[in-house]
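All remarks here apply to the structure that follows.
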Amino acid sequence: MSVLAIHPENPQPRLLQQAIGRLEQGAVIVLPTDACYALACQIGDKTGAERIRRLRQVEEDHHLTLLCRDLSELGLYAKVDNTAFRLMKALTPGPYTFILPATREVPRRLQHPKRRTIGLRVPDNRVVQALLKELGSPLMSSTLHLPGDEHPLSEPWEIEERAGRLVDAIIDSGAGTLEATTVIDLTGPAPEVLRQGLGPVDFLD
């Protein structure tokens with residue numbers, strides 16, 4: 001397991017390439033977001049996704065989330081109508097996860113087994129954005145929330161201490177928050193908040 005100290009405002013290209021190299025070799029990594037830290041692997045990495053589910057101790061019906069660079073990339077992986085697009089445009093990039101119907105670009109094993117939906121988000125974080133730009137494709141992710149804990153892990157030293165043996169690399173960009181994203185389901189007639197997190201939802205009132 002390696003720890004990559006990547007600057008939160010000016011990510012070092014050399015270290016980003018090291019992280020990408022690990023991902024391309026099938027690594028599960030920990031990375032910072034605009035909310036709490038998250039677990040991530042490549043979108044086509046079946047073993048990586050299974051490792052993340054085991055680490056989180058979640059079932060197949062727990063949505064994993066695609067980290068996307070922007071809304072145009074998000075549109076490749078989800079079916080988005082005009083109402084959903086306007087809402088997402090207002091809230092991205094930011095600490096929101098949207099539940100949407102998945103397109104055929106999303107492997108079936110990553111979709112909700114019954115609803116065929118997927119979680120997607122565009123994080124407002126320079127390290128993740130730089131990583132996604134260099135990688136050229138989304139990352140599969142899940143909140144770094146260990147079973148039994150009240151809050152997600154947010155301090156890199158604690159992440160290394162408690163999860164270091166379970167992952168292949170940790171990107172240390174300083175302390176994160178203790179809150180996960182706000183999750184909004186956009187598959188119904190009106191937006192539905194499934195989890196209130198860091199992103200405010202007063203605009204839905």
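Read-outs: derived from the displayed coordinates by stated rules, not from any lab. Everything numeric in this text was worked out from a predicted model, so none of it was measured. Note that we place each Cβ from the backbone using ideal geometry, even for glycine, and neighbour counts take in every protein chain shown.
For the stretch 141-205, give me every one of the strands (runs of 3 or more DSSP E) that falls completely inside it and has 1 or more residues that are of a type outside the set (D, E, K, R), exposed (fewer than 14 other Cβ atoms within 10 Å of the Cβ) and touching a Lys or Arg at 6+ places or on another chain (Cβ under 8 Å).
none
For every residue, the table says whether it meets (1) of a type outside the set (D, E, K, R); (2) under 24 Å from residue 193 (Cβ atoms); (3) touching a helix residue (DSSP H, G or I) at 6+ places or on another chain (Cβ under 7 Å).
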| residue | (1), (2), (3) |
| --- | --- |
| 49 | yes, no, yes |
| 54 | no, no, no |
| 58 | yes, yes, no |
| 71 | yes, yes, yes |
| 81 | no, yes, no |
| 105 | no, no, yes |
| 108 | no, no, no |
| 133 | no, no, no |
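Are any residues in the stretch 70-108 β-branched (Val, Ile, Thr), in contact with a strand residue (DSSP E or B) (Cβ under 6 Å, 6 or more places away or on another chain) and under 18 Å from residue 123 (Cβ atoms), and if so, which ones?
97, 99
Within the stretch 11-54, how many residues are touching a Lys or Arg at 6+ places or on another chain (Cβ under 8 Å) and either more than 14 Å from residue 65 (Cβ to Cβ) or of a type in the set (S, T, N, Q) (or both)?
4
Could you say whether any residue in the stretch 110-122 is surrounded by fewer than 13 Cβ atoms within 10 Å (Cβ to Cβ) and farther than 22 Å from residue 79 by Cβ?
no
So in the stretch 119-140, with the set limited to residues that are among the basic types (Lys, Arg) and part of a helix (DSSP H, G or I), which one is nearest to residue 37 (Cα to Cα)?
126
Is it fair to say residue 91 is out of contact with any Pro (no Cβ under 9 Å at 6 or more places or on another chain), crowded, with 23+ Cβ neighbours inside 10 Å and touching a residue at least 60 places away in the same chain (Cβ under 8 Å)?
In short, no.
Confirm whether residue 48 is surrounded by fewer than 14 Cβ atoms within 10 Å (Cβ to Cβ), in contact (Cβ under 8 Å) with a residue 40 or more places away in the chain, closer than 23 Å to residue 19 by Cα and over 13 Å from the mean Cα position of the chain (by Cα).
no
Report the residue count in the stretch 178-194 for those that are more than 18 Å from residue 67 (Cα to Cα) and either among the hydrophobic types (A, V, I, L, M, F, W, C) or in contact (Cβ under 8 Å) with a residue 12 or more places away in the chain (or both).
Residues in the stretch 178-194 being more than 18 Å from residue 67 (Cα to Cα) and either among the hydrophobic types (A, V, I, L, M, F, W, C) or in contact (Cβ under 8 Å) with a residue 12 or more places away in the chain (or both): 6 in total.
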